[in-house]
Amino acid sequence: MVVVDAGSSLLGEYVALKSEGRVMVEAMNLAQYDAMAVGRMDVLLGFDVLQERAAEASFAILSANIVDTETQELLFEPYVIVERDGVSIGILGISDQEVLSMPATRSAAAFLDPIETAQRYVSELREQVDVVIVLSRLALADNEALAAEVPGINVIVGGKTRRLVQEPRRVDDALITEMSYNGERCGKLTVFVGADGAPYDYVQQVVALTQDWPDDPETAELLDEYRRRYPVLE
Amino acid sequence: MRIRHRVQIVGALLLLAMALTGCQQPAEPTARVTLGPPPPPTIAHTATPEVATAVIPTPSPASATTVPTSTPTPQRPEQGIALTVLHTNDVNGYIDPCG
């Protein structure tokens with residue numbers, strides 16, 4: 001199994017913002033995330049702060065299409081390859097142009113075309129891995145275009161549109177899904193990929209993260225510590 | 001009242017209920033779609049779908065309604081790759097989404 005986030009998750013709510021994303025990174029470390037994409041809310045405080053969080057994360061923070069305006073070098077890793085039970089999985093991060101819309105990022109970087117970027121890296125990944133997952137900040141319709149124009153993608157995990165995609169959409173050989181927002185739900189998608197790279201079966205469970213679930217003690221302790229450190233002012 | 005009008009009202013109410021329940025909404029039953037017959041065997045390895053209990057804890061029996069006990073389990077394929085992707089998005093720093 002891989003655990004991923006399609007981005008815009010580290011900043012926003014009070015404690016997350018006051019801690020500059022540290023609480024989220026530490027919680028995601030405990031939850032053993034493998035990767036996340038860079039989204040608009042993640043760069044609320046600027047690219048420098050996110051790069052600091054990336055150095056502290058035990059998971060990969062990915063964006064294949066944000067580059068330094070002068071050097072044209074990527075600001076974040078484009079992809080990561082993980083191994084699970086003899087299966088190699090390539091996870092690619094694609095950001096949307098909103099990452100440059102924040103006051104802290106407006107002139108700080110350049111944005112590369114997501115389709116061209118995905119075409120380049122997916123073909124590169126397909127030579128090395130068995131499965132390709134794209135964590136995408138594009139809108140749902142744009143993810144459908146991504147799947148249609150970039151062969152070799154198995155799964156696209158999307159965000160941004162805040163849709164709850166209970167039934168993954170299939171475009172060519174890619175399954176596209178998205179799990180609303182604000183941590184209310186997570187999705188558990190199991191996909192079966194044939195020798196030809198096409199999915200021949202899948203099942204997705206939508207898990208509502210309600211109060212019915214007991215807290216992980218270690219994560220609860222972490223959150224309590226951060227709440228004490230950054231109390232909400234009355 | 002015309003039948004079409006009734007259907008529209010029911011549909012709108014269902015959508016509103018889904019929008020409002022949010023954190024209280026139980027996990028929807030699994031959507032399972034079989035896209036076609038398995039391909040011929042050419043891949044030597046398979047990956048067993050894993051359940052990471054640390055990420056999806058067992059709910060308390062008295063109140064848990066989020067995960068149906070009859071969740072269908074994917075059939076392990078004889079060939080090909082089975083991979084489970086646990087995914088979230090746009091958490092916006094919500095460390096306690098349901099209060």
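The values are calculated or read from the model by the stated rules, or taken from the named source; none is laboratory data. It should be emphasised that the depicted structure is a prediction, and the values quoted were computed from it without experimental measurement. We place every Cβ from the backbone using ideal geometry, glycine too, and count neighbours over all the protein chains shown.
Values as computed for the structure displayed
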| read-out | value |
| --- | --- |
| Breaking point among (1) modelled with pLDDT of 95 or more; (2) more than 9 Å from every other protein chain (Cβ to nearest Cβ); (3) surrounded by fewer than 23 Cβ atoms within 10 Å (Cβ to Cβ), for A:TYR226 | (2) |
| Of the criteria (1) in contact (Cβ under 8 Å) with a residue 40 or more places away in the chain; (2) surrounded by fewer than 16 Cβ atoms within 10 Å (Cβ to Cβ); (3) acidic (Asp, Glu), which one A:GLU127 fails | (1) |
| Tally of residues being of a type in the set (Lys, Arg), touching a strand residue (DSSP E or B) at 6+ places or on another chain (Cβ under 9 Å) and facing chain B (nearest Cβ under 8 Å) across the stretch A:147-174 | 2 |
| Flag if A:GLU178 is touching a Lys or Arg at 6+ places or on another chain (Cβ under 8 Å), buried (at least 22 other Cβ atoms within 10 Å of the Cβ) and at the interface with another protein chain (Cβ under 7 Å from one of its Cβ atoms) | yes |
